[in-house]
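Here is the structure we will look at.
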Amino acid sequence: MADIGQALSLKRLDDGIVELCFDLQGESVNKFNRATLEELKAAADELAGMSDLKGLLVTSAKDVFIVGADITEFGENFKQPEEEMLAWAGNANAIFSAIEDLPVPSVTAVNGIALGGGLEMALSTDYRVMSAKAQVGLPEVKLGIIPGFGGTVRLPRLIGADNAIEWIAMGSQNKADKALKMGAVDAVTSPDKLRDAALGLLKAAIAGDYDWQARRKQKTGPLQLNAIESMMVFETAKGFIAGQAGKHYPAPLTAVKGMQKAAGMSRDDALKVESQGFVKVAKTPVADSLIGLFLNDQLLKKKAKQAGKIARPVQQAAVLGAGIMGGGIAYQSASKGTPIIMKDIKAEQIDLGLSEANKLLAKLVERGKIDTAKMAKALSNIRPTLSYGDFDSVDIVVEAVVENPKVKHAVLAEVEEKVGENAIIASNTSTISISYLAQALKRPENFCGMHFFNPVHRMPLVEVIRGEKSSEEAVATTVAYAAAMGKQPIVVNDCPGFLVNRVLFPYFAGFQGLVNDGVDFRRIDKVMEGFGWPMGPAYLLDVVGIDTAHHAQAVMAEGFPERMAADAKTSLDVMYDEDRYGQKNGRGYYVYETDKKGKPKKVVDESVFALIQPVQADTAKEVSDEEIIERMMLPMIFETARCLDENIVETPNEADMGLILGIGFPPFRGGALKYADRLGLANVVQAAGQYADLGPLYTPPEGLARRAEAGETFYK
C-alpha cells in the first residue's frame, strides 16, 4: 500500500488493520488544508474498497494530532457566495462521514492537541485514546465561526448537550482528565504508550469486546433527549450564552440554536443544519475581524521568532524600581522562568514589589494553575536588593522608575556604569522620547523602550520602542525577552506617546470636546460601551489615573500641538485640579466603592456635574449616538493612519493589534484601521467633513484621503 500523498499515509498492519497516519510535509504541525482534505477523501475511498479491512487506526507522526483547519486557506472560502460555501461544507462533511461509515471499528490516538477540525476528525472514529498530556477542544467561536466538520453534531451525542454547549460556546481547550470524565475520549494513557493502547482497544473492538456499532449508532442517530429535557437544556443555555457573549458575538448562540434544531435529526440532516449555521456566521464582519486578529497574532509571533535569531540570550534580568509596576514586571519574568533582580532605593518599595509578586502567585495557586512548589520556585527567581552588587552579570535591565525625565536620565546613566558593556537597558516609560532618554548614555545603541501596560500580569501588550540610535540587536533582544515573558511585543519607532498613547489621546480629546459641548459623560460612556469598548472614556480615564492621563495629555500637546493642544479648559483639567485621580484615590468622574469581591465598583457622584459645569457650554449641543461615535472614533482612526504612514508602526496588522491588546479596542471590530476599511475610507472622509469646524483633530490625514480617492484600503 502506497502513501496517499503529502499529508497522510495508509499502512497495513497485522490482522487486517490499516493505520491512517497524518504527517503534513513541510509543516511542523498537521492541519486541514485543501490538500489534506483531498487526500483524506482518497484515503476514505481506498479504505472503503478493501474487502479484507478489519479495523482502522488513526494516528499522527508529529508531536500534535491536528491543530485544526488552515484558516489562511479556508478564510478565502468565506468570500464565496453562500451556495458555494454550503456545497463546500457538504463535500467536506461527506469525507468525515465516509470515515465514520466504514464497516469496521475505528480508533484515534490523540497526541499533543486536537483542536477544531482535529477533534472533529477524532470524533468521526468510533473510539478515542488520549495522551495524558494532550488537550482537545472546539475553539471556533474565538474566530467568530462555529464548528463546521460535524463538531456540533457528534460531540453532543457523545458527551451530552449541556457539556457540548459548554465546550463549543466557550471555545475551551480541555485536558485529558476532563475529556475522559465527559466521555469525549474512551481512555487516557501516558504519551509513550498511546499508540499501543489505541491499537489494543481497536483489536478488542474487532474481537467483539466492545460494541462499536452501538457507539456509532449513538453518534449518527438523534440526540437522546425528550422534548422537555431538550427545552430545559437549550433554552437555559441560550439565555446564559446571550448574556455572556453579548450582541456583538453571534457565533456561540448560533451554535446552540443549531444543536437545538438538529437534536431530533439523524447525522446527515443535522450536518446540513450545522453547515447553514457555519455559513451564516462565516459571512459576518465579526468573523472577518476575529480571523484577521488570529492572522495578526500569527504575524506577531513570527516576528518575535525572527527576533530571537539575532537576540542576545537573556539568562539574568533586572528591574529598577520596585512597587506595583516593578513587582509586576518581576513576577512576569520570574514566573516564566527568567530570574530577575529587583532593585530600589527604598526598602518599603522592595517590600511592596515582593508583596505584589507574592499576591499574584498566590492567586495562581488558589485557582489551581500552579502548585506551592512552583510558587516557591518563581519567588526564588526574584532577588530583591538595594544595591547594584550583581548587576555586572545582568543581560537586560528594565528601568521602571518615576515618569520624570531628569530622574530617568540620572538612573539610566548610573545603571550603565554598573552593567557589562553588552547589557541591554530598556526604559518602561509610557510617554518620554527614547531618543531623548538615550542622551544620558554612553552606549545608546544598547538602549530602547520596553513599555508595559498596567496591570502587567493582565495586559498582554509590550511596546518595544526603537530610538534613533537603538541597534537591531538591542531591539531584538528586548522583543525576545518580552516574548519569553509571555507577552506580545510590537516594535514601534520613537515619537511622543509611541503608538498606543499617541492614538488613545485623540480619542480622549474627542471625549473632552463632547463634554465641553454639554454632553453628559455618563451618556458618552454608555454609547461607547454599546459600541463595544469594555469601558467608556470617563471610566477608562479613572482606571488609567487622572494624574497619569493629565501628564500624558501634556506630553501629547507638546508633541502634536496642532491637533492635541486643547484651546480651552477641559473636564480632565477639572478632575486633576480637584485631586480626583480616579480609582487610585477612589474618586474621579465616578466615585468607587469596594464590592463583595474586594474590587472597585463605580458609583455616580452628583457633585461632579457641578464641578465640570463651568467648562461646558451654556446650552448643551444636541448630538445623536451616531455623532458621539463618530466624534470619538474619527480622531483615533486618523491618528492610527498617521502612525502607519509615518512608519511609527510597520503594518496595519500591528497597529490594530496594539490597540486591541493595549487599550481594549473592540476585537470584533478588528482595530481602528480594519474598522475604517469596513466603513469605507470614502465614507470616513465624508463623515469627517461634518466636523471640519472642530479643527485639525477631524481633518483626514493625507495618506488616508489619498487611499479613499483611489478606492484603496489599509488591508490589502
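The values are calculated or read from the model by the stated rules, or taken from the named source; none is laboratory data. This structure is a prediction, so every number in the text was calculated from the model and none was measured. Cβ coordinates were reconstructed from backbone atoms using ideal geometry, including for glycine residues, and neighbour counts include every protein chain displayed.
A few notes on this one:
- Helices (runs of 4 or more DSSP H) fully within the stretch 235-324 counting 2 or more residues that are touching a residue at least 60 places away in the same chain (Cβ under 8 Å), under 30 Å from Arg157 (Cβ atoms) and out of contact with any Gly (no Cβ under 6 Å at 6 or more places or on another chain): 251-262, 267-282
- Count - residues of the stretch 333-360 that are farther than 24 Å from Ala480 by Cβ and under 22 Å from the mean Cα position of the chain (by Cα): 0
- Residue ranges of strands (runs of 3 or more DSSP E) in the stretch 366-443 with at least 2 members over 21 Å from Thr477 (Cα atoms) and touching a residue at least 40 places away in the same chain (Cβ under 8 Å): 382-385
- So Asp520, is it closer than 17 Å to Asp605 by Cβ, of a type outside the set (S, T, N, Q) and touching a Gly at 6+ places or on another chain (Cβ under 6 Å): no
- Unique residue being assigned by TED's automatic domain parsing to the domain that holds Pro489, within 24 Å of the chain's Cα centre (by Cα) and surrounded by 23 or more Cβ atoms within 10 Å (Cβ to Cβ) when the list is Ala330, Ala322, Ala307, Ala318: Ala330
- Top-ranked residue in the stretch 203-234 [being of a type in the set (Phe, Trp, Tyr) and modelled with pLDDT of 95 or more; ranked as nearest to Ala164 (Cα to Cα)]: Trp212
- Residue ID - surrounded by the most Cβ atoms within 10 Å (Cβ to Cβ), chosen from residues in the stretch 54-87 that are in a loop (DSSP other than H, G, I, E, B) and hydrophobic (A, V, I, L, M, F, W, C): Phe65
- Test result for Thr108, at pLDDT below 95 and either under 19 Å from Ala7 (Cα atoms) or buried (at least 24 other Cβ atoms within 10 Å of the Cβ) (or both): no
- Condition check for Phe447: assigned by TED's automatic domain parsing to the domain that holds Val623 and not hydroxyl-bearing (Ser, Thr, Tyr): no
- Of the helices (runs of 4 or more DSSP H) entirely within the stretch 609-705, those holding at least 1 residues that are under 25 Å from the mean Cα position of the chain (by Cα) and closer than 25 Å to Tyr715 by Cβ occupy 625-645, 652-663, 672-679.
- Failed item in (1) surrounded by 15 or more Cβ atoms within 10 Å (Cβ to Cβ); (2) within 27 Å of the chain's Cα centre (by Cα); (3) not aromatic (Phe, Trp, Tyr), with Leu47 passing the rest: (2)
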